[in-house]
Amino acid sequence: MLELFRDANALWVLAGTTLLGISSGVLGSFAFLRKRGLMGDVLAHSALPGICLAFLFTGSKNPLWLLIGATFTGLLASLFLSWITRFSKIKEDTALGLVLSTFFGVGIVLLTQIQHSDFGNQAGLDKFLFGQSASLVGTDVAIMGSISFVLILLASIFFKELKLLCFDANYGKSLGFPMVGLDFFLMLLLVVAVVIGLQAAGVVLMASLLITPASTARYWTERLDHMIIISACIGALSGLVGTILSSVATKLSTGPLIVLAVTLLFFISMLCAPKRGLIAKSLRLIQTRAKVRQEQIYVAWNQLGSKTITLSALSQQSHLSTTQVHRWIKQKKRTGQVVENSQGTFTLSDASWKEASDTALLGLYMEMWHMYEDIETDCSIQDIEQLSDLPESLRVQLQSYLQKHISEEDRAKAYHSTRRAGM
Amino acid sequence: MSSVWIILTGALIASSCAFLGCFLILRRMAMLGDAISHSILPGIVIAFLVSGSRDPLPMFIGAAVFGLLCTIIIQLLRNQGVQADAAMSVSFTALFAIGIILISLFTQQVDLDLDCVLYGEIAYVPYDTWTWNGIDMGPRAMWGAGAAFLLSLIMVRLFYKQFKLTSFDPALAMAVGVPVAFFHYLLMGLVSVTTVASFESVGAILVVAMLIVPAATAYLLTERLGVMLGLSVLIGMICSVCGYFLSVLLDASIAGCMTMVAGGLFALAFLFSPHQGVVTRWWIRKKLRTQF
């Protein structure tokens, strides 16, 4: 592994894949937010006819010509894509598949034509599509690096506009930004990012490098600027890991290893991310369930009106099964909040009794708040967790509503009972 | 004779793909064909390693299993709240990468030609024939594609109503008690089988062309599902015939030419379809303008 860092060529490869990871991570974030994740796949496939055409016209395998050709057909593909969705009833996904496969088909026709004709040095033209990062040399990396740098620079200059495009294009239009032009600009950046990556990474890898870092980053943050930075880091990291692994295990090619590295990062993030990760989500679910159960039981206990009750009465009042209630009581016995008496009844401790009545009262207050929406207050209904969260003035107001409500209810009850008695 | 076999095989592949492609398009899952066709690669390699031969049956099973696996992973990711396009690209690129790594790990044992998997070579189809009871029955690929087509025809005929309902209004289908998930996976299974039966001849990526392009063309020409299915099969056959002669003319890949023809037909439908075409609509508008 140390030899890797002594070998100049390997260092070039390392630099190339890392730069590629960064630029596709940055631009992929925008593509991801525009829900154009599969765009990378389409652009990568549609580069084939461009590469073949460039070779047919110039007769050389100079990477710059091939890049220009690929960029040209990539742009053409994205234009067709937007035309097809705009001028017919064909949906986006169908248009993607249509453009991808037709361009690739044309590319294969051109490729086989070149192979069957007398261009002696066509070998390796298709390798452009499958990637051969191991054979990257200094000039390739220099081209890739400088173009990546320009791409990142452009993306940061137009950060604000691109952000607007991703989140609320109609608002941007109303502000007077040329949104169609911006969309095309983003497309251009994406095309170039894909095309410079093709040589090092191949078609399938580019599709993955564009979207997976961005969707991984999305798990860790809610802010676009953070997301782009994280996505760039993930792209760079997987480029590094893939390249180093492939230099250790010489049989394995770099491209697929980078894909696997980035996919692994994606799955780790999906599980472990702090807010949106699966583990965090299920923990939150468990906590919420426990909280709701506690509230349910507290309210029921309060409604029963006695500190000492039987298990069956509590389960009936709270509409929970006896096993559910019993499990909760067992937990609370351990903390001493509930005491089991000799006759099989349970007694709530004084502190918990207060808590229970507070919970029940808060429930009634919240009902009032939901009923009378015109209540004037600064705080939002979502912020209230406990009775103590309610400001004093609001509590008084809710109290009065509640009293009015209860007295009305009592009057109605009394009215009904007198009518029944009268009959 | 061999050209007849090639055209026939191509027509069968194109029509069976186009037939199922109609449902993919209506369900807005067109790119799933792309995902499946890439993700069958590890299945093929594993089947090859396990069976140690190029027997079609184990390869077929391996590929179909991985095709289905890919759709299941996509569905799982989507259920976890991953954006649809991201779920798709993450799963198929990972599976494809695993396939390539397997190939490079077992290079000695595997003499699978990656180019052949990706591009396919329908020109070799007539040389790989199937003999039954000592009688030469014609190309094996043709029988494979034909069997896949027959299977999808039978399935769709049996459950036509259910397929139609789940394609157009899955919520309603769910409400009236159609097992939507079952039909989703049945369709995915059929797509996997068809893809596997076809990729050898036209290559993994051009299967996508055959799945989507004829169906999309038919979609522009009609508003009825039955007509769309018939039209897409017809278009698939036209692609095969014209594609073969175009390839002879240009001296280029037959599968590529089939795709080009399909693309050309789509362009024609896009411009001149009786109700949907861009030019026809412009013409109608112009006529209306002069009328008023």
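Any read-out appearing in this document is the output of simple, stated calculations on the displayed coordinates, not a laboratory observation. Values in this document were obtained by computation on a predicted structure and should not be read as measured data. Backbone-built Cβ (ideal geometry, glycine too); neighbour counts: all protein chains shown.
Across the alpha-carbon set of the protein assembly as shown, the Rg to Rh ratio works out to 1.09, Rh being the Kirkwood radius. Explain nothing, just the number: relative contact order of chain A, from Cα pairs under 8 Å at least 6 residues apart, as a whole percent. Rounded, it is 19 percent for chain A. Looking at region A:247-324, the trypsin sites (Lys or Arg not before Pro) that sit in a DSSP loop and have at most 10 other Cβ atoms within 10 Å of their own Cβ are A:Lys251. When +1 charges are put on Lys and Arg Cβ atoms and -1 charges on Asp and Glu Cβ atoms, the dipole computed for region A:1-70 relative to its Cα centre reaches about 280 debye.
Where the centre of each part is set by its Cα atoms, how far does region A:173-195 sit from region A:353-408, in angstrom? Distance between centres, Cα-based: 51 Å. Restricting the trypsin sites (Lys or Arg not before Pro) of region A:21-94 to loop positions (DSSP other than H, G, I, E, B) with no more than 14 neighbouring Cβ atoms within 10 Å leaves A:Lys35, A:Lys89. Other protein chain C-beta atoms within 10 Å of residue C-beta, averaged over B:247-256: 5. Around the Cα centre of chain A, unit charges on the Cβ atoms of Lys, Arg, Asp and Glu (plus for the first two, minus for the last two) sum to a dipole of about 1000 debye. Quick one: Debye curve from the alpha-carbon atoms of region B:1-70 only, equal weights, vacuum; give me log10 I(q)/I(0) at q = 0.19, 0.24, 0.28 Å⁻¹ to two decimals. Rounded to two decimals, the profile gives -0.89, -1.00, -1.05.
Region A:57-121 and region A:316-334 have Cα centres lying 66 Å from one another. Against the main long axis of the alpha-carbon atoms of chain B, helix B:140-158 sits at an angle near 50°. To the nearest ten degrees, helix B:30-51 and the longest principal axis of the Cα atoms of chain B are 10 degrees apart.
In region A:339-423, the alpha-carbon atoms span a convex hull of 148 Å³ per residue. A dipole drawn for the protein assembly as shown from +1 and -1 charges on Cβ atoms has a positive end, and of A:Trp65, B:Ala216, B:Ala141 the residue lying farthest that way is B:Ala216. Using the Kyte-Doolittle scale, which helices in chain A average at least 1.0 and also have C-alpha atoms spread 30 Å or more along the helix axis, with helices defined as whole DSSP H runs? Taking the DSSP H segments of chain A (at least 30 Å long, mean hydropathy at least 1.0), we get A:8-33, A:63-87, A:92-116, A:179-201, A:224-248. Measuring between alpha carbons in the structure, the pairs from A:Lys163/A:Lys275; A:Lys333/A:Lys354; A:Lys35/A:Lys163 lying more than 20 angstrom apart are A:Lys163/A:Lys275. The spread of Cα positions in chain B, taken along each principal axis and listed from longest to shortest, comes to 75, 51, 35 Å.
Relative to one another, the C-alpha centroids of region A:223-273 and region B:1-32 are positioned 36 Å apart.
Just how many % of Cα pairs in chain A lie over 28 Å apart, if you round to the nearest whole percent? It works out to 64 percent of all Cα pairs.
Run the Debye formula on the Cα coordinates of region A:196-281, all scatterers equal and no solvent, and tell me log10 I(q)/I(0) at q = 0.11 1/Å. One equal scatterer on each Cα of region A:196-281 leads to -0.31. Taking amide hydrogens as placed 1.01 Å from N in the peptide plane, the amide H of B:Trp130 sits under 5 Å from those of B:Met137, B:Gly138, B:Arg140, each at least 5 positions away in sequence or on another chain. Taking only the Cα atoms of region A:229-377, the ratio Rg/Rh comes out at 1.32, with Rh defined as the Kirkwood radius.
A dipole drawn for region B:2-206 from +1 and -1 charges on Cβ atoms has a positive end, and of B:Ser91, B:Phe182, B:Leu8 the residue lying farthest that way is B:Phe182. Between helix B:180-202 and chain B there is an angle of about 60 degrees, using the helix long axis and the longest principal axis of the Cα atoms.
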